[in-house]
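The values are calculated or read from the model by the stated rules, or taken from the named source; none is laboratory data. Given the structure is predicted, the values throughout are model-derived calculations rather than measurements. All Cβ positions, even for glycine, are placed from backbone atoms using ideal geometry, and neighbour counts span all protein chains on display.
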Amino acid sequence: MSESLKEKTAKGLLWGGISNGMQQLLNLFFGIFLARLLTPDDYGMVGMLSIFSLIASSIQESGFISALINKKDIKHEDYNAAFWFSTLTSLCLYTILFFCAPLIARFYNQPELTALARYSFISFVLSSISISHSAYLHKNLIVKQKAIAGITALIISGIVGVTLAYNGFSYWGIVTQNITYIGTVMIEYWFICPWRPTFQLNFSPLKEMIPFSSKILATNIFNHLNNNIFSVILGKFYSEKEVGFYNQANKWNSMGYSLVSGMINGVAQPVLTQVTNDRERQLRVFRKMMRFTAFVAFPAMFGLSLIAPELITITITDKWMGSAQILRLLCISGAFIPITGLCSNLVISKGKSNIYMWNAIALGLLQLLVMCTIYPYGIHTMIITYISINIAWLLVWHYFVWREIRYRFIHLLMDIVPFLAIAGGVMIATHFLTLNIDNIHLLFVSKIAIAGLLYILIMWMSGAKTFKESIQYLKKK
């Protein structure tokens, strides 16, 4: 990597880490208040609608963010066409879902969902207004400003959500919090992005992007189905409380792996696209990113699994203990999500959105089939099967990465297994070292301190290059 590209990547990772770290801390802070004020049933009500909002958001975005990022010679007309397409499509989708809200409520046997759905779906309309702005900021690696925008939006929306929950608005507060967050981000993106739309409804630039973006669209829809299939199945066959427990655990799991994924995704596509014409160079860049991802993801997610019972009890009280064991299981799969995400970014950077699409569709269909088959055996059986499929699918992603840049299986093992083994060993050792601690607060702090110190000590003693480079860059900054 050239010095300029190295610097851009390092800055992107640094600000991505700061942004995602602060956002997860804020999510934790406000999430504690909300979880104490609300019930599993409240979260279950909102969880039943999430799949509809996510799919609608994918349709109105239609993969144009990735298409704009990967487009070589980009013009104002490209951003403008994507802006108007997303805005008009979101208005059409909202109209359709507005009239379909009673059908959604009937499906779940929850009449209250009609009004809640119509209010909740405003969120994807607001997000469509900043699609092109987001693509511009991402493509040009304007990470610092995006980080500040995200943090500001979380603070404002968190205050709104907690205030409404405290005053008895229950699940309406959760939905309002989400709408406030998306609306605030939209306003800030417009403020920091120099690009502005014009009233020229020319959609011809989309023709060149559609073969690529349509596959990203299909993939995003299947990914949302994949990530939210439990909420749909549980909402249909189980109680609101069980849906709430799963959604709470999934929320904490998402907070964990999103910290790592956000850092990597903020720079992966733009950087890998810049070196796509030099396979040897791209392989070196990719391996370096892979080692950094494993270096952070495994201790973070295995550590979250280790402290799950204490974290849930201390932060949101033992009324949520039903989600602690679910969280422990989900974190195992969550450790691999940033790694598979990096693989998918490589495939996209090579222009192979068709591989990205069919890979995600195959995984989504397999999981849907398995989940619908084994749901009578209980939620824990479903989760164990779910995470097993997700982890095993890394081998499929590896095959396609190997086809593109000859990233051999031995490379994958060399890049991730040392960090996986060390992080796993550290967590097991920490578990046994803290068995005799009875005070839950002391146990919580001890687990974090011992695991953190052991991992850093082993990294230092082993001379891990990724660890040394990270420390050197932080000292420099």
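Quick notes
- Taken together, SER157, SER132 contain a single residue that is buried (at least 22 other Cβ atoms within 10 Å of the Cβ), touching a residue at least 12 places away in the same chain (Cβ under 8 Å), more than 23 Å from PHE30 (Cβ to Cβ) and hydroxyl-bearing (Ser, Thr, Tyr), which is SER132.
- Residue within segment 323-333 that is more than 16 Å from HIS380 (Cβ to Cβ), among the β-branched types (Val, Ile, Thr), touching a helix residue (DSSP H, G or I) at 6+ places or on another chain (Cβ under 9 Å) and part of a helix (DSSP H, G or I) present: no
- Pairs with Cβ under 7 Å, 6+ apart, first in segment 408-437 and closer than 17 Å to LEU454 by Cα, second assigned to a helix (DSSP H, G or I) and hydroxyl-bearing (Ser, Thr, Tyr): ILE422/TYR455; ALA423/TYR455; VAL426/TYR455; THR434/SER446
- Set ARG279, ARG328, ARG284, ARG291: member being over 23 Å from ASP415 (Cβ atoms) and among the basic types (Lys, Arg): ARG328
- Within segment 71-96, if we keep just the residues that are among the polar types (S, T, N, Q) and farther than 19 Å from SER214 by Cβ, the residue that is surrounded by the most Cβ atoms within 10 Å (Cβ to Cβ) turns out to be ASN80.
- Filtering segment 79-98 to residues that are over 14 Å from LEU113 (Cβ atoms) and without any contact (Cβ under 8 Å) to a residue 40 or more places away in the chain leaves LEU88, THR89, SER90, LEU91, CYS92, LEU93, TYR94, THR95, ILE96.
Condition check ((1) of a type in the set (S, T, N, Q); (2) under 24 Å from SER66 (Cβ atoms); (3) touching a residue at least 24 places away in the same chain (Cβ under 8 Å); (4) buried (at least 18 other Cβ atoms within 10 Å of the Cβ)) across all residues:
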{"site": "ALA360", "(1), (2), (3), (4)": "no, yes, yes, yes"}
{"site": "LEU363", "(1), (2), (3), (4)": "no, yes, yes, yes"}
{"site": "CYS372", "(1), (2), (3), (4)": "no, no, yes, no"}
{"site": "TYR375", "(1), (2), (3), (4)": "no, no, yes, no"}
{"site": "ILE379", "(1), (2), (3), (4)": "no, no, yes, yes"}
{"site": "ILE384", "(1), (2), (3), (4)": "no, no, yes, no"}
{"site": "TRP393", "(1), (2), (3), (4)": "no, yes, yes, yes"}
{"site": "PHE400", "(1), (2), (3), (4)": "no, yes, yes, yes"}
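- Residues of segment 74-128 classified as part of a helix (DSSP H, G or I) and either touching a His at 6+ places or on another chain (Cβ under 6 Å) or among the aromatic types (Phe, Trp, Tyr) (or both), total: 11
- Within segment 168-204, the set of residues being in a loop (DSSP other than H, G, I, E, B) and either in contact (Cβ under 8 Å) with a residue 60 or more places away in the chain or under 19 Å from LYS146 (Cβ atoms) (or both) comprises SER170, CYS193, PRO194, TRP195, ARG196, PRO197, THR198, GLN200, LEU201, ASN202, PHE203, SER204.
- Matching option when the condition is surrounded by fewer than 17 Cβ atoms within 10 Å (Cβ to Cβ) and in contact with a helix residue (DSSP H, G or I) (Cβ under 7 Å, 6 or more places away or on another chain), among TRP190, TRP172: TRP190
- Meeting the requirement of 3 or more residues that are farther than 23 Å from TRP358 by Cα and at pLDDT below 80, the helices (runs of 4 or more DSSP H) wholly within segment 205-294 are 205-237, 240-265.
- Where GLY63 falls short, out of the listed (1) farther than 21 Å from GLY183 by Cβ; (2) surrounded by fewer than 23 Cβ atoms within 10 Å (Cβ to Cβ); (3) within 19 Å of the chain's Cα centre (by Cα): (2)
- Among the residues of segment 407-417, not a single one is out of contact with any Pro (no Cβ under 6 Å at 6 or more places or on another chain), at pLDDT below 95, farther than 24 Å from ARG281 by Cβ and surrounded by 17 or more Cβ atoms within 10 Å (Cβ to Cβ).
- Those residues of segment 311-344 which are of a type in the set (Ser, Thr, Tyr) and under 21 Å from the mean Cα position of the chain (by Cα), in sequence order: SER323, SER333, THR340, SER344
- Entirely in segment 366-477, the helices (runs of 4 or more DSSP H) that have 1 or more residues that are of a type outside the set (A, V, I, L, M, F, W, C) and farther than 23 Å from LEU329 by Cβ: 394-405, 409-433, 440-462, 465-476
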